[in-house]
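The values are calculated or read from the model by the stated rules, or taken from the named source; none is laboratory data. Here the structure is a predicted model, which means the values were calculated and not measured. Here Cβ is always computed from backbone atoms with ideal geometry, including for glycine, and neighbour counts include all displayed protein chains. Keep in mind that these areas ignore ligands, DNA and RNA; they rest on the heavy atoms of the full protein, side chains included. Shrake-Rupley method; radii C 1.70, N 1.55, O 1.52, S 1.80 Å.
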Amino acid sequence: MPVLPNEYSIRRVKPSDYEGIVETLRVLTVVGDVTKEQFEETVAYWNEVTVKSKGEPIKAYNPHVITDGSGKVVATGTVFIERKILHDCGLVGHIEDIAVAKDQQGKKLGQLLIEHLTELALSRGCYKVILDCDEKNVGFYQKCGYSIKGVEMDRRS
Ligand code: ACO
């Protein structure tokens with residue numbers, strides 16, 4: 001398994017990550033005109049929502065960033081933990097919104113982030129971790145240990 005470059009670190013998202021996260025997410029898709037206040041309110045919401053794991057509340061939203069030596073956000077991604085009826089009211093982790101800044105791609109940051117989020121979900125009791133992605137990223141997720149299962153579909157307004 002690769003390791004983070006010197007002085008890079010991985011941690012949970014903070015309200016002060018506004019600029020870094022909005023900028024980094026632009027490599028993935030349209031972010032829109034999200035204000036600092038909207039971002040901070042969303043992070044506060046993420047910090048509040050819990051799901052029960054073995055009778056104990058754990059955080060449902062687990063947004064993370066990788067920062068470089070100067071503290072700049074260079075990658076971001078989330079694992080959302082859902083409680084189901086299936087599998088004895090089991091937990092499933094959903095990997096969402098993975099983005100590595102353009103000038104930082106190819107340094108294994110994406111793989112390290114996926115490994116971190118996957119381990120977080122499994123250690124909280126998830127029986128599986130799943131994600132949707134474009135065809136062009138299948139090879140990346142296979143390198144992260146994921147396999148193709150089924151077909152992704154959507155319906156939009
Ligand atoms: N297809 C095939 N293999 C790939 C791809 C790809 N698109 N991207 C990386 N790889 C390979 C690398 O070559 C490397 O292989 P190696 O171990 O043989 O050297 C391995 O996967 C790990 O690559 P990383 O360096 O960790 O990849 P990176 O840090 O650049 O992150 C990512 C990959 C996340 C796809 C990045 O390019 C990115 O942010 N792209 C734009 C946004 C995006 O598409 N995000 C994914 C959305 S899907 C979701 O959110 C669930």
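Largest first, how would 147, 53 line up by accessible area (1.4 Å probe)? Write out the running numbers ahead of the final one.
Details: 147 85, 53 15 Å².
From most accessible down to least: 147, 53.
Nothing charged except the Cβ atoms of Lys and Arg (+1) and of Asp and Glu (-1): what's the magnitude of the dipole of the range 62-119 about its Cα centre? Round to the nearest 20 debye. Provide the component values of the computation, followed by the final result.
On the way: 6 positive and 8 negative charges, 29 e Å.
Approximately 140 debye in magnitude.
Could I have the simple spin-label model distance between residue 40 and residue 84, label points 7 Å from Cα toward Cβ, reported in nm to one decimal?
Output for this residue pair reads 3.8 nm.
At 7 Å along the Cα-to-beta-carbon direction for both residue 105 and residue 30, put a label point, then send me their distance in nm to one decimal.
2.1 nm
As a check on your grasp of the helix formula, calculate [θ] at 222 nm for the chain: sum -39500 (n - 2.57) over DSSP H runs of n ≥ 4, divide by the residue count, round to the nearest 500. Before the final figure, lay out each step's value.
Values: 5 runs with 46 residues, N = 157.
For the chain, the value works out to -8500 deg cm²/dmol.
Hull surface divided by four, with the convex hull built on the Cα atoms of the range 65-157: how many nm²?
On the way: hull surface 31.1 nm².
For the range 65-157, averaging the hull's shadow over all directions gives 7.8 nm².
Hey, with R₀ at 35 Å, roughly what FRET efficiency would residue 50 and residue 7 work out to, going by the Cβ-Cβ distance, to 0.05? Walk me through the intermediate numbers first.
On the way: r = 33 Å, r/R0 = 0.93.
The pair residue 50/residue 7 has a calculated efficiency of 0.60.
Looking only at 56, 23, 37, which one moves most when the chain is put into a Gaussian network model with springs between Cα atoms under 10 Å?
Highest fluctuation among the options: 56.
Can you tally the net charge around residue 83? Count Lys and Arg as +1, Asp and Glu as -1, for every other residue whose Cβ sits under 12 Å from the Cβ of residue 83. Intermediate values should be presented prior to the final figure.
Values: positive: 52, 54, 84, 124; negative: 82, 88.
Here the count lands on +2.
Taking the Cα atoms of the range 9-143, report the difference between the largest and smallest coordinate on each principal axis, in whole Å and largest first.
44, 37, 27
Keeping all protein chains in place, calculate the accessible area per residue for the chain (probe 1.4 angstrom), answer in Å². Numbers along the way, then the final one.
Values: 10090 Å² over 157 residues.
Value for the chain: 64 Å² per residue.
Carbon and sulfur atoms: what percent of the 1.4 Å accessible area of the range 1-69 do they account for?
Details: 2240 of 4340 Å².
After summing per-atom areas, the C and S share lands at 52 percent.
Please report the accessible area of residue 80 (heavy atoms, 1.4 Å probe, ligands and nucleic acids excluded) in Å², nearest 10.
Surface open to solvent at residue 80 totals about 60 Å².
Once you list every other residue whose beta carbon is under 15 Å from the beta carbon of residue 50, what net charge do they have if Lys and Arg are +1 and Asp and Glu are -1?
Working: positive: 12, 52, 54, 59, 83, 124; negative: 48, 56, 82.
Around residue 50, the charge tally is +3.
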